[in-house]
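A short write-up of the structure that comes next.
The values are calculated or read from the model by the stated rules, or taken from the named source; none is laboratory data. Just so we're clear, the structure is a prediction, and the values are computed from it rather than from any experiment. Glycine also receives a Cβ, built like all others from the backbone with ideal geometry; neighbour counts cover every protein chain displayed.
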Amino acid sequence: MKLYRCFTGPDDQTFCLRVSQALSNGWELHGGPSLSFDPLRGCAIVAQAVVKEAEGEFAPGIDLAKM
């Protein structure tokens, strides 16, 4: 099965570490990042999708963070 995740958050070190951790666990980038500006927080918000091939069949409730 192919799994999909999308990380979002402020464009900071924490966001980059979350994506980097997923990449080190076998996830691959799915396209480039998207950026937006949040005027209430006064910062850039980034989104990055990742995908991964995994054994088994899809079922609701899969914990993607543990894949």
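Assess whether LEU29 counts as being within 11 Å of the chain's Cα centre (by Cα) and loosely packed, with under 11 Cβ neighbours inside 10 Å.
no
Go through (1) part of a strand (DSSP E or B); (2) surrounded by 14 or more Cβ atoms within 10 Å (Cβ to Cβ) and name the single condition PHE15 misses.
Of the numbered conditions (1) part of a strand (DSSP E or B); (2) surrounded by 14 or more Cβ atoms within 10 Å (Cβ to Cβ), the odd one out for PHE15 is (1).
For the list (1) under 10 Å from the mean Cα position of the chain (by Cα); (2) more than 23 Å from GLY61 (Cβ to Cβ), I need the number of the one condition that PHE7 fails.
The failed condition is (2).
Of all residues in the range 18-67, count the ones that are part of a strand (DSSP E or B) and closer than 16 Å to CYS6 by Cα.
Final tally of qualifying residues: 14.
In this structure, does SER20 turn out to be on the phi < 0 side of the Ramachandran plot, touching a strand residue (DSSP E or B) at 6+ places or on another chain (Cβ under 7 Å) and either surrounded by 10 or more Cβ atoms within 10 Å (Cβ to Cβ) or modelled with pLDDT under 95 (or both)?
Spelling it out, it is not the case that SER20 is on the phi < 0 side of the Ramachandran plot, touching a strand residue (DSSP E or B) at 6+ places or on another chain (Cβ under 7 Å) and either surrounded by 10 or more Cβ atoms within 10 Å (Cβ to Cβ) or modelled with pLDDT under 95 (or both).
Residue by residue through the range 1-12, note down the ones that are in a loop (DSSP other than H, G, I, E, B) and surrounded by 14 or more Cβ atoms within 10 Å (Cβ to Cβ).
Residue satisfying the conditions is ASP11 alone.
Sort out which residues of the range 23-54 are of a type in the set (A, V, I, L, M, F, W, C), under 17 Å from LEU64 (Cβ atoms) and either in contact with a helix residue (DSSP H, G or I) (Cβ under 6 Å, 6 or more places away or on another chain) or at pLDDT 95 or above (or both), and write them in order of number.
Answer for the range 23-54, where residues must be of a type in the set (A, V, I, L, M, F, W, C), under 17 Å from LEU64 (Cβ atoms) and either in contact with a helix residue (DSSP H, G or I) (Cβ under 6 Å, 6 or more places away or on another chain) or at pLDDT 95 or above (or both): LEU23, TRP27, LEU29, ALA47, ALA49, VAL50, VAL51.
Need the failing condition index for CYS43 against (1) surrounded by fewer than 11 Cβ atoms within 10 Å (Cβ to Cβ); (2) over 14 Å from the mean Cα position of the chain (by Cα); (3) of a type outside the set (Gly, Ala, Ser), just the number.
Just one mismatch for CYS43, condition (1).
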